[in-house]
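J.: Please find one structure pasted underneath; my questions will follow.
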Amino acid sequence: MVDQSITSLAKKLRAKETSSVELTQDFLSRIKQFDGQLNSYITISDEIALAQAEAADKKLAADDNASLLTGIPVAHKDLFCTNGILTTCASKMLNNFVPPYESTVTSRMQASGVVTLGKTNMDEFAMGSSNENSHYGAVKNPWNLEKVPGGSSGGSAAAVAAGLCVAATGTDTGGSIRQPASFCGITGLKPTYGRVSRFGMIAYASSLDQAGPMARSAEDCAHILQSIAGFDANDSTCSDIATEDYTASIDAPLDGLIIGLPKEYFGDGLDNDVATAIQNAVKEFEKLGGKVKEISLPNLNLSIPSYYVIAPSEASSNLSRFDGVRYGYRCEDPKDLMDMYKRSRGEGFGKEVQKRIMVGTYALSEGYYDAYYLKAQRIRRLIKEDFVKAFEEVDVIMGPVAPTTAFGIGAKTDDPIAMYLEDIYTLSVNLAGIPAMSVPAGFANGMPVGLQIMGNYFSEAKLLNVAHKFQQATDWHTKNPSLVEGA
Amino acid sequence: MNWEVVIGLEIHAQLATKSKLFSGAAIGFGAEPNTNTTLVDLGMPGALPVFNKEALRMAVMFGAAVNAKIGMTSVFARKNYFYPDLPKGYQTSQMDHPIVGEGFLDITLDDGTVKRVGITRAHLEEDAGKSLHEDFQGMTGIDLNRSSTPLLEIVSEPDMRSAKEAVAYVKMIHSIVTYLGICDGNMAEGNMRCDINISLRPKGQAEYGTRTEIKNVNSFRFIERAIYTEIERQADILEDGGKITQETRLYDPDKDETRSMRSKEDANDYRYFPCPDLLPVELTQEYVDIIRNNLPELPTQKAERFMREYKLSEYDANVLSATRAMADYFEKVAEIAGNAKLAANWVMGELSKYLNTEGKDITESNVTSEQLGGLLVRIEDNTINGKTAKSVLQSMWEGEGSADQIIDAKGLKQVTDTGAIEEMIQGVLDANAAQVEQFRASDEDKQKKMIGFFMGQVMKASQGKANPGKVTPILNKLLKG
């Protein structure tokens, strides 16, 4: 039961083969059994979950038109504010923070009737690509406990892959949904910037952050996107373009689909076995009616310097509110105001967060602003133009999510450049603001490989359709780590 | 040396919107601490700003009123610094692309000359909260009610050359924002406050001297005083061959001095950058035109109309149009009295005396425009004379009712009956027989001087109620015998 799709669980709930309470209890006991090894959850909200499950069962009994998500146990990345549930951003800074309000994403999912099992581990303030930067400890990859699950939504990815929830929310600022989805062999979608409200999502880099679903299939992602997408008056950057029915055309044939393969995605640095898995996946699409076209995204290599100026710049300002004054961590016995600021922030933030705040502060400083921030913004426009031009010729763009499969825990912690290079294939999508998915596409060295599918602005329905057809033709997304097989 | 002072001003006007610049919280003075707040004003994690379009409309109104270019695309920027009452760790303001660009306004100085002052820009920004240092025994309380209250920061060119010019400029801005109804102009509550940039240079020198900035001065009088004391301080230093330090200073009205707050070296690097949580504000020409075409009458236009329509002097017209409340008061009195000149004299004269004595604004006057108008009607129809009217006004000020009520209650109605007046004059002459004798023996010049004595005695006898116009011919006739 723990590796089934939302659609199949919804059917079972309606056929009374199981109840939401039963399902919830199953997942809670699996979390108890396995999460000691994985560390994918920071908070388990079992009482709230069981109450929600009871309510869902009542709703299912009374309402034939209840949302498909009713009674489905999910987890939320621990940067979505959840009313009455600890929300830490995996930081000591917020290790006592219980929000009195609900983020738009979680509140819309609640309205759809989901059961909240808990809050998942992540890189502190979403800064990281390995989920090793957490105040609550590293998350392990369920496929190999020696390896990282990816980041920053590593807890969500590991929990879905290990059957510790049906689906989870994640956020993606530079690849934080797609890369862990790739490393853990699940399906993840980063929507178009502005498709999903950021209200109540603790900001890392406001112009890049976007929430999205992480699940066992494209179809499950579609159901969750349906619940969370759409205009929100509380977020000025949220688009008022109408949402689509994301499952309506999910089965449409792919005949004549033009697939762009950017040559820059298959150059130096890409692991051979990963490359082979991606090429095989592309062949599968050709069988499904796709036509491949080689394209160029010439500014890809500039996405790393551009991102690592823009994101830290915004973060340096976004994280200023964590000052020990109103909520969160405050140091013991501050001497004076300056001492309180310095020690609260110095003790409350982890190393990576401090590093990015300092980088961003530097980049925005008088005399450096033009050379760093403005230049990075100009590069960002070039990257966007590359995509706009490409989508005049192709329907979707495909490539790897990451240059390698999941690496060993600790393998890159002392080499920040190598760690930042992990994001080479994902960053440009955030800089441009387009939607993209990670879809399981095979294995390399025993670890999952994710295929990245990128689409034009607001083409989520098309992406989900493309991914779903692939999943109808392949079974990579149904593979489970032994943790689940043994269940 | 002969120093020339150079002054530029930054005025913060709190916009009179119902809710805050970036949240739906109400704006109110004196509410319980931290009650007029939302997640946004408290700087809670994940809270996002939503721009209040009413503030936009008000800023554009101001721009149109000062002949300014309107920023068709304006951008909010974050000004980053740490302070306990700044909950987000940055103030959302505008930097490179303000809503109001270059403009100007004309001010009339005391000698009647008109001076044009350039306006560099005006931009929207949010206010911070308040730190409360009392009542917390070594700790500081934070009240975020004021957090995210909308401000329009109006920046002038360094065009002013004296304290008087600076005050005239601030008064004109005050007048414009209150006329537009975009700011209540209450300086005592800090709803309009002023930063003064001031430097000296030898007369005739083209480049500016080093300036200091005096922060948060909140009355016309303090602005004038602060400038005088700062000119004196800077001149003393320069005369002694010293150098002015570029710094921020505070004016202490109790000691009438400015003192250093922080120097340029300690100044924050605010790391401005465009706020990624807010989209650029795009305006259409139509939006701007509608606002421009519907501006209310502004002080200068009103003064011109007063001169044209009511034949007032330029000085009177300027005084009476200085604030919208004053202008409205005057026009109401003039309308009721049917005599604008008389209304002007009374509003600027007798009424202003009472207001000034009690330090009150026209909006706080004990006597309403209807009451004063009613009083003037009774002068116009000869029910009372001007002198009696003054005592009626005093009674009115003390809350004894309308002019007619007071005239009735005190029996102040003028005596106009010729027979009665003649009888009373005769009585006065009889009682002063010696003076009458003397009068009759004098030449015409001497008589003219003596007539005042008899006039005074008659008015005294009538308790001021005799109509002077009626008394004079009868008195003349009877005196001559």
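The values are calculated or read from the model by the stated rules, or taken from the named source; none is laboratory data. Being a predicted model, the structure only gives us computed values, none of them experimental. Heads up, the Cβs are rebuilt from the backbone with ideal geometry, glycines too, and the neighbour counts pull from every protein chain shown. Note: areas computed on protein heavy atoms with side chains; ligands, DNA, RNA excluded. Shrake-Rupley method; radii C 1.70, N 1.55, O 1.52, S 1.80 Å.
J.: Place a point 7 Å from the Cα of B:PHE82 along the Cα-to-Cβ direction; which residues of region A:115-139 have their backbone N under 20 Å from it?
T.: In region A:115-139, the label zone of B:PHE82 (backbone N under 20 Å from the point 7 Å along Cα→Cβ) covers A:125.
J.: Using a 1.4 Å probe, how large is the accessible area of B:THR363, given in Å² and rounded to the nearest 10?
T.: 100 Å²
J.: Calculated from DSSP H runs of 4 or more alone, at -39500 (n - 2.57) each and per residue, what is the 222 nm mean residue ellipticity of chain A, nearest 500?
T.: Theoretical 222 nm ellipticity from helices: -11500 deg cm²/dmol.
J.: I'd like to check one number: the per residue accessible area of the protein assembly as shown, probe 1.4 Å, reported in Å² as a whole number.
T.: Using a 1.4 Å probe on heavy atoms only, each residue of the protein assembly as shown averages 41 Å².
J.: When a/c is below 1.5 the answer is rounded, else prolate if a/b is larger than b/c, else oblate, so apply that to region B:202-319 with a ≥ b ≥ c taken from the square roots of the Cα gyration tensor eigenvalues.
T.: It comes out oblate by the Cα gyration axes.
J.: In nm, what is the difference between 0.36 nm times the number of residues separating B:ASP404 and B:GLN205 and their Cα-Cα distance?
T.: 65.2 nm
J.: Once the mean 1/r over all distinct Cα pairs of chain B is inverted, what Kirkwood radius in angstroms do you read off?
T.: After inverting the mean inverse Cα-Cα distance, the result is 26.6 Å.
J.: I would also like to ask the following. With the cut-off at 1.5 for a/c, could you classify region A:402-452 from its C-alpha gyration tensor as rounded, prolate or oblate?
T.: Cα axes put region A:402-452 in the oblate bin.
J.: Let me ask you something else. Taking the Cα centre of region B:309-382 as origin, work out the dipole magnitude from +1 charges on Lys and Arg Cβ and -1 charges on Asp and Glu Cβ, in debye rounded to 20.
T.: So the dipole magnitude of region B:309-382 works out to roughly 100 debye.
J.: Still on this structure, please answer the following. Can you list the residues of region B:261-309 that have at least 10 square angstrom less accessible area with all protein chains present than in their chain by itself, probe 1.4 Å?
T.: Output list: B:ASP269, B:ARG271, B:TYR272, B:PHE273, B:PRO274, B:PRO276, B:ASP277, B:LEU279.
J.: Follow-up. Take every Cα pair under 8 Å in chain A that's 6+ residues apart, average their separations, divide by the length, and report that relative contact order as a whole percent.
T.: 18 percent
J.: Set the Förster radius R0 to 56 Å, insert the Cβ-Cβ distance between B:ILE451 and B:SER219 as r into 1/(1 + (r/R0)^6), and round the FRET efficiency to 0.05.
T.: Using R0 = 56 Å, I get an efficiency of 0.65.
J.: Need one word for region B:3-290: rounded, prolate or oblate. Basis is the Cα gyration tensor (sqrt eigenvalues a ≥ b ≥ c); a/c below 1.5 gives rounded, then a/b vs b/c decides.
T.: oblate
J.: What part of the accessible area of chain B, given as a whole %, is carbon or sulfur when the probe is 1.4 angstrom?
T.: Ligands and nucleic acids excluded, carbon and sulfur give 49 percent.
J.: Can you tell which of B:GLN371, B:ASN382, B:ILE336 lies farthest toward the positive end of the dipole of region B:297-410, using +1 and -1 charges on the Cβ of basic and acidic side chains (Lys, Arg; Asp, Glu)?
T.: My answer, from the dipole projection, is B:ASN382.
J.: Ranked highest first by the average count of other Cβ atoms within 10 Å around their residues, in what order do B:169-179, B:17-27, A:395-405 fall?
T.: So the peptides B:169-179, B:17-27, A:395-405, ranked by packing, come out A:395-405, B:169-179, B:17-27.
J.: Packing-wise, with mean Cβ within 10 Å as the measure, how do B:144-151, B:346-353, B:419-426 rank, highest first?
T.: Highest-to-lowest ranking by the protection proxy: B:144-151, B:346-353, B:419-426.
J.: Would you tally the net charge around B:ILE407, using a Cβ to Cβ cut-off of less than 12 Å, leaving B:ILE407 out, and scoring K and R as +1, D and E as -1?
T.: Its environment carries a net charge of 0.
J.: Additional query: Using the crude model of +1 on Lys and Arg Cβ and -1 on Asp and Glu Cβ, and no other charge, please compute the dipole size for region B:262-307 relative to its Cα centre, in debye to 20.
T.: Approximately 240 debye in magnitude.
J.: Placing +1 at every Lys and Arg Cβ and -1 at every Asp and Glu Cβ, with all other atoms neutral, what dipole size does chain A have around its Cα centre, in debye to the nearest 20?
T.: With Lys and Arg at +1 and Asp and Glu at -1, about 300 debye.
J.: I'd like the GluC sites (Glu not before Pro) in region B:106-215 restricted to DSSP loop residues with at most 16 other Cβ atoms within 10 Å, sorted by number.
T.: Those satisfying the criteria are B:GLU134, B:GLU189, B:GLU207.
J.: In terms of Cα to Cα distance under 18 Å, which lysines are near enough to B:LYS387, apart from those fewer than 8 places away along the same chain?
T.: Cα-Cα hits under 18 Å: B:LYS341, B:LYS353, B:LYS410, B:LYS413, B:LYS460, B:LYS465, B:LYS470.
J.: Another question about this same structure. What residues of region B:341-361 lie in the reach of a label at B:SER313, counting those whose backbone N is under 16 Å from a point 7 Å from the Cα along Cα→Cβ?
T.: B:341-350
J.: If you count, for every residue in A:173-181, the Cβ atoms of partner chains within 10 Å of its Cβ, what is the mean?
T.: 0
J.: Which of B:LEU429, B:ILE451, B:GLN463 sits farthest toward the positive end of the charge dipole of region B:418-480, with +1 on the Cβ of Lys and Arg and -1 on the Cβ of Asp and Glu?
T.: B:GLN463
J.: From zero outward in steps of 20 Å, how is the percent of C-alpha pairs of chain A spread across the bins?
T.: Percent of pairs per bin, in order: 26, 60, 14, 0.
J.: In Å², rounded to the nearest 100, what is the total accessible surface buried by chains A and B against each other with a 1.4 Å probe?
T.: That pair of chains buries around 2800 Å² in total.
J.: Further question on the same structure: Using only Cα atoms, figure out Rg for the protein assembly as shown and give it as a multiple of 2.2 N^0.38 Å.
T.: Taking the Cα Rg and dividing by 2.2 N^0.38 Å, one obtains 1.29.
J.: Can you tell me the 0 to 90 degree angle between the C-alpha axis of helix B:369-380 and the longest principal axis of chain B, rounded to 10?
T.: 30 degrees
J.: Something else about it: Nearest 0.05, what FRET efficiency do A:GLU17 and B:GLU370 give at R0 = 60 Å with Cβ-Cβ as r?
T.: After rounding, the FRET efficiency stands at 0.15.
J.: Over chain A, what percent of the accessible surface lies on carbon and sulfur atoms, probe 1.4 Å?
T.: 50 percent
J.: Please tell me which of these pairs span more than 32 angstrom C-alpha to C-alpha: A:LYS59/B:LYS20; B:LYS88/B:LYS115; A:LYS58/B:LYS53; A:LYS77/B:LYS88; B:LYS171/B:LYS203?
T.: From A:LYS59/B:LYS20; B:LYS88/B:LYS115; A:LYS58/B:LYS53; A:LYS77/B:LYS88; B:LYS171/B:LYS203, over 32 Å: A:LYS59/B:LYS20; B:LYS88/B:LYS115; A:LYS58/B:LYS53.
J.: Say each of B:ASP236 and A:SER296 gets a label point 7 Å from the Cα, pointing the same way as Cα to Cβ; how far apart are those two points in nm?
T.: In this crude label model, B:ASP236 to A:SER296 measures out at 7.2 nm.
J.: Another one. Quick one: which residues, 5 or more positions from A:SER130 or on another chain, have an amide H under 5 Å from its amide H? H modelled 1.01 Å from N in the peptide plane, none for Pro or chain starts.
T.: A:GLY151
J.: Still on this structure, please answer the following. How charged is the neighbourhood of A:ALA211? Take every other residue with its Cβ under 12 Å from the Cβ of A:ALA211, and add Lys/Arg as +1 and Asp/Glu as -1.
T.: After counting each charged neighbour, the total is +1.
J.: Let me ask something additional. How large is the helix-only mean residue ellipticity at 222 nm for chain B, computed as the sum of -39500 (n - 2.57) over DSSP H runs with n ≥ 4, divided by its residue count, in deg cm²/dmol to the nearest 500?
T.: Estimated from H runs of four or more residues: -12500 deg cm²/dmol.
J.: Short version: ³J(HN,Hα) in whole Hz for each residue of region B:305-320, in order, from phi by Karplus 6.51 cos²θ - 1.76 cosθ + 1.60 (θ = phi - 60°), x for Gly and Pro, what are they?
T.: 5, 4, 5, 6, 7, 9, 6, 7, 5, 4, 4, 4, 4, 5, 5, 6
J.: For a Förster distance of 51 Å, can you work out the FRET efficiency between the beta-carbons of B:ASP256 and B:GLN394, rounded to the nearest 0.05?
T.: Taking R0 as 51 Å, the efficiency between B:ASP256 and B:GLN394 is 0.90.
J.: Where in region A:282-322 does accessible area fall by at least 40 Å² between the isolated chain and the complete protein assembly, at a 1.4 Å probe radius?
T.: With the partner chains in place, region A:282-322 has these residues losing at least 40 Å²: A:SER317, A:SER320, A:ARG321.
J.: Kindly tabulate the residues in region B:38-84 with an accessible-area decrease of at least 40 Å² between the chain alone and the assembly of all protein chains, using a probe of 1.4 Å.
T.: B:LEU39, B:MET44, B:PRO45, B:GLY46, B:LEU48, B:VAL50, B:PHE82, B:PRO84
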